[in-house]
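To start, the structure itself, in structure tokens.
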Amino acid sequence: MKVTVSVNGKQIAAEVADRTLLVHFLRDVAGLTATNVGCDTSSCGACTVLLNGRSVKSCTVLAAQADGREVTTVEGLSGDSEELHPVQRAFRAEHGLQCGFCTPGMVMASVSLLAENPSPTEDEVRTALEGNLCRCTGYHNIVRAVLAAASEGRLS
Amino acid sequence: MSILGTRVVRTEDPRLLTAGGTYVDDLRVPELAQAARATFVRSPVAHAAITGIDVSAAKEAPGVVAVLTVADMDDLPPPPPDSGLTGTEGAPLPLGGIWSEPLLAVDRVRFAGEPVAVVITDDRYQGEDAAELVSVDYDPLPAVVGFEGALSGDSLLFPAAGSNVACATGTPADTAAFDGCDVVVEREIVNQRLAPVPLEGRATAARWADGKLTVWLSTQNAQIARFILAGVLGLDPANVRVVAPDVGGGFGAKIGADRDALIVAWAAKHTGRALRWAETRSENMLGMTHGRAQRHVVKIGGTRDGRILAYRLEIVQDTGAYPRMGGFLPFLTSLMAAGPYDIGHVETAYQVVVTNATPISAYRGAGRPEATAAIERAVDLFATGIGMDPAEVRRINLIPADKFPFTSPSGATYDTGAYVEALDKVLAGAGYAELRAEQARRRERGDVQQLGIGVASYVEITAADADGGETARLVVHDDGTATVYSGSSAHGQGHDTAWAMLVEAELGIKMSKVTVIHGDTDLVPAGIGTHASRSLQLGGVAVQKAAVEVKEQARKVAADLLEASEDDLELDLDRGVWQVRGDPASSRTWAQVAAHAGDAGLAADVNYTQGKPTFPFGTHLAVTEVDTETGKARLIRHVTVDDAGTVLSPVLVEGQRHGGIAQGVAQALLEEMVYDPDGNPVTGTLVDYAIVTATELPSFELLTSETPATINPLGAKGIGEAGTIGATPATQNSVIDAVSHLGVRHIDMPLTPARVWAAIGAAAEKGMAR
Amino acid sequence: MIPAPFIYKRASSVDEAVDLAAQAGEDGKFLAGGHSLMPLMKLRLAVPETLIDIGRLGDLSYVREDDGHIAVGALTTHDELARSAKLGSELPLLAHAAGQVGDPQVRHCGTIGGSLAHADPAADLPAVALALDATFRTRGPSGNRDIAAGDFFLGLFETALQPGELLTEIRIPKPQSAGWSFQKFTKRGIDWAIVGVAVQGANVALVNMAATPVRAAAVEGALAAGAGPRAAAAHAAEGTSPPDDLNGPRPYREHLARVLVGRALEESAARA
């Protein structure tokens, strides 16, 4: 079937198998490989992107379900700007990534979290990231990064 | 002021945070443009004879290029002669001979997940469809599950061996040593089987062209992988290139090149197509090696006033279906058995047994977490036995600072240490006395939520394979930039940043102008890679030494350029320029000096070893809250000292400690690879295999301590595995401590709510509450 | 991790959805948020030949008052339920429980209708629907009908829905008592409930204590006879048949049920 998805502001149209997962549409059709597949039980969140502004696990969504909708991946986070998005900046400043494999999903989940809750407590951050697994960082600096990004958001 | 020791953000991150890393499955290189996909057919059963494989239906499926089984593998060289290894040599090498592991299964499968066939299709989706159509006839054999199952010998994985014991060795038991003790405690404890679960599973791409093989591999050791591939496929290593792009975590389970990667490389040759393979998580849970899986009998004896006199550790290592590492893991466990304590009499013994489960190999700590978990449980049991505070028992027995270097009875020589100081720092930082007071208050009130405080002191061995050394090549280009070619192979550790820091510190070339290259055997032909927490003390020192050599070359060139004597020159590190001492106007940039160096350029190659391992150490203190009605334990604080010598990058060290602590806590509370009595895996997905999430952890309290190593110029030991080693026993001890007043003495890991509740109930039944 | 091949159809109205389902027959499944169905399809434990995507039926996403009931559209997502001001004040049990389903990403996609139709006994909302005495409104080939929650859950992943029958609305009588509690016991925040308890007033329903969500009838009887929370809770395991699995043997779940029902009743009483 023909699927047209607006990915990071750009229309991507393609003829794909009905069963194509959104994550594979993004990686293989749109050519955006930052979003990763880390599991097959919708547990790890490495595939997290924004669908119409809200975080979803793109491995559990069909490309067909995103037809005519907007997807944002980490590659599109800073838009046309040279500057990093505050969440990306904060992850770097706080050493919130090591191998980087979970990071695109973690960043998008964090962006979604802060859109819904601009001033989270540490507990709220930890709970909001329960669907994003990381094996390298122990989450300590990821939490710091999200709180730092939230803080910067309040100041600006 | 040197950049070393300062807080520097990583150079790796801008790319990882925007375009994302390039992991094997992300590669879009021209060589792989026409690549086909490999999909494995794996055994669903734990132990069976293969009586037939029918690939006819699969071959007809859409997009199928080939369906390969062992019958197609007639183009491989014969395997090397039996190495004659017994497995007790302390080498991480597979046992050959009777215990040999094939590539695709021959006539028998020995673990659920063992590869039996591989389907080659145009795309990934077709691969999964076609793999379902391969029909394999299995004649089930009785499964060997667990330690007792293996030892009983009722069913044998390798009938020619006559037993399931692949190797064994040890010190004979000397009961006299224990007879002299006031109190002796003996206990069987289990260090459970774990799955490493790096977020990126295993992935391989391979292409043969013009007699050369290129393999893109998610590996921790490109150079070692090259040798393995060359050996198995019968190639000259010079005709094999291995490229490790970004690697999404390894934790020891991506050392070298494993069986499935070899099959993909062979299949690429056999079909004449470039191939790509990236496993699913379900495949990873069974196909990637597991860790730990040791059963211990600990016996500890000492005096009533707290002195430990004797310790015996008996180990049964479940190595899974094939002994891929001989006796290496329990060898390390035995070496580190006595931990940071001065115990006069130490005995160790181990047996390695095969079972119908995924093969075991290194997983963060690789044999040392097991040693620490055993002795830290034993020390707590001893403390309870003599009615003394467990921190106090540790203080009495920790090797004092004036006794280093210290050679333990099991043969490890600990280089430098400040063990008591580490313990005291953690106790003070945690507010130990107040924690005990709060615990007492809750016990007095009979609160449902009880508090547990668990302490663990440890010493661990890093760069255990220091003999292999590490390589570094440093080139300063005539545009003033520099390139480091490192034999180390970061997969999250941030070496690019650390090595750039070293170059800036030595040469004054800014980090932003330093490129680090690793993991490509064409560009870095010699090297060992990253495991055993060896990278900074070997790979980093190699980089520093290369920088020092380049500096001396540059001095000569600058002297010629400036028409001055070498003795009159200085390198202004802040400005990154060479000049006549005291005459800034004479300065020449690195670009100018490099250009002046002519064809020889400025380049140094170093192959460095310090010759011996180092021994980081520390203390962890975990505070848990246990709901005594449900058994659920919650970690509320975790305070640590992890002393790995002089800290080059505080940011990177903290990250390693955090990650290690999280995995250590997860072993104590959540994770276990479980098989049912027929050898079927029960925890084969991330729904059931419970790796820890942000919700279950607090922020950690890391205290600083730097007791330099003396055998390398950076004063560095390895930090990568230390956090895991200390965190597991501290957390386990903490939960048991929370319910010890109810009579509980021990609970095996993971301390799930059901297990804690059962332990409370069992103690109550025995009327053990005081 | 790739579903078996299927034909995708998209419905633009409830009637069209029902027609497409009738055409697809036994091997057709509705796709709402997909977060119960897609995981099964990816492991090939479910292999429908036709998927009828009803995710764009925006008319089925609402929370409103209707004749002494709260009417919730079947396609309302868990996240929308958790944020609904109306549910927050009228049915906090439902709002709160919906906020505990899965993780934020799951809640952005998964729907109440999808969760109820899937009927996993370890899921949170089926038990909540039971505790709230909900009625499920459906549209099928033969028209509309109402099914009481108590008659809806028939067995493991088995409901009273006929093939091609679409759940459209969940109707909940406004509770008489302000007391409520939701106790979800897990090892980790993202896990399915090992045992869960939903209390609304004197109604007590259990998660993962049988092949379907169940009302703790013996507890309710004890409460009606005047027993206090802990005394009533002692009956929590009666009439249940909890699973025996990795998370605990049967006696442990029975014990948890007693503990959690006790805590739920105490918390509910404090709110009443």
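We did not get these values from a lab; they are worked out from the coordinates using the rules stated. Remember, predicted model here, so these are calculated numbers, not experimental data. Cβ coordinates were reconstructed from backbone atoms using ideal geometry, including for glycine residues, and neighbour counts include every protein chain displayed.
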Any chance you could run the full-extension gain for B:ASP522 through B:VAL29? It's 0.36 nm times the residue separation minus the Cα-Cα distance, nm to one decimal. 175.8 nm
Starting from 0 in steps of 10 Å, tell me what percent of the Cα-Cα pairs of the stretch C:55-127 lands in each bin. 21, 57, 21, 1
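To two decimal places, what compactness ratio does the stretch B:364-492 give when its Cα radius of gyration is scaled by 2.2 N^0.38 Å?
1.57
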Of the DSSP beta bridges with both residues in the stretch C:1-137, give the percent that are antiparallel, rounding to the nearest 5. 40
In square nanometres and to one decimal, what's the mean projected area of the convex hull around the Cα atoms of the stretch B:476-552? 5.0
Percent of Cα-Cα pairs per 5 Å bin, from 0 to the last occupied bin, for the stretch B:585-635, please list those. 4, 11, 9, 8, 6, 6, 6, 7, 8, 6, 6, 6, 6, 5, 3, 1
Local charge sum around C:ALA233 (other residues, Cβ-Cβ under 10 Å, Lys/Arg +1, Asp/Glu -1)? +2
Among A:ASN132, A:ASN117, A:ASN36: highest mean-square fluctuation, GNM of chain A, C-alpha pairs under 10 Å: A:ASN117
Out-of-range pairs (alpha-carbon distance over 31 Å; input C:LYS9/C:LYS174; A:LYS10/C:LYS187; B:LYS513/B:LYS717; B:LYS212/C:LYS42): C:LYS9/C:LYS174; A:LYS10/C:LYS187; B:LYS212/C:LYS42
In nm, to one decimal, how far is the modelled label at C:ARG188 from the one at C:ALA71, with both set 7 Å along Cα→Cβ? 4.1
Quick one: what does P(r) look like for the stretch B:231-286 with 10 Å bins over all Cα pairs, in whole %? 16, 54, 28, 3
Using a Gaussian network model of chain C with C-alpha springs under 10 Å, which one of C:ALA205, C:ALA11, C:ALA149 is most mobile by mean-square fluctuation? C:ALA11
Over every pair of different alpha-carbon atoms in the stretch B:506-598, take the mean of 1/r and invert it; report that Kirkwood radius in Å. 14.9
Suppose each label sits 7 Å from its Cα in the direction of the beta carbon; what would the C:ALA231-B:MET1 distance come out to in nanometres? 7.1
Taking neighbour Cβ counts within 10 Å as the exposure measure, how do B:TRP99, B:TRP499 sort from fewest upward? B:TRP99, B:TRP499
Taking springs between alpha-carbon atoms closer than 10 angstrom, which of C:ALA202, C:ALA119, C:ALA46 fluctuates most in the Gaussian network model of chain C? C:ALA46
Could you pull the Rg and Dmax for the stretch A:46-94, using just the Cα atoms, both in Å? 12.5, 38
Rg to Rh, two decimals, where chain B supplies the alpha carbon set and Rh follows Kirkwood: 0.99
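Within chain C, what's the longest stretch lacking GluC sites (Glu not before Pro) that sit in DSSP loops with no more than 16 other Cβ atoms inside 10 Å? Before the final figure, lay out each step's value.
Numbers: sites that count: C:GLU49, C:GLU238.
The segment C:50-237 is the longest one with no such site.
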Rounded to the nearest 500, the 222 nm mean residue ellipticity computed for the protein assembly as shown from DSSP H runs (n ≥ 4, each -39500 (n - 2.57)) alone is -9000 deg cm²/dmol
Translational D (Stokes-Einstein, µm²/s) of the stretch B:568-667 at 10 °C and 1.306 mPa s when Rh comes from the Kirkwood sum over C-alpha pairs? 82
Determine the sum of side-chain charges near B:ALA758: Lys and Arg each +1, Asp and Glu each -1, restricted to other residues whose C-beta is under 12 angstrom from that of B:ALA758. -1
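So in chain B, what percent of DSSP beta bridges are antiparallel if you round to the nearest 5?
Bridges in chain B are about 80 percent antiparallel.
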Sorted largest first, extent of the stretch C:147-188 alpha carbons per principal axis (Å): 36, 33, 16
Quick one, can you get me the convex hull of the C-alpha atoms of the protein assembly as shown expressed as volume per residue in Å³? 181
Rounded, prolate or oblate (a/c below 1.5 giving rounded, otherwise prolate when a/b exceeds b/c) for the stretch C:1-160 by Cα gyration tensor: prolate
For the stretch C:174-272, what size does the Cα cloud have along each of its three principal axes, sorted from largest down, in whole Å? 38, 26, 21
For the stretch C:110-224, the convex hull over Cα atoms projects on average to an area in nm² of 7.5
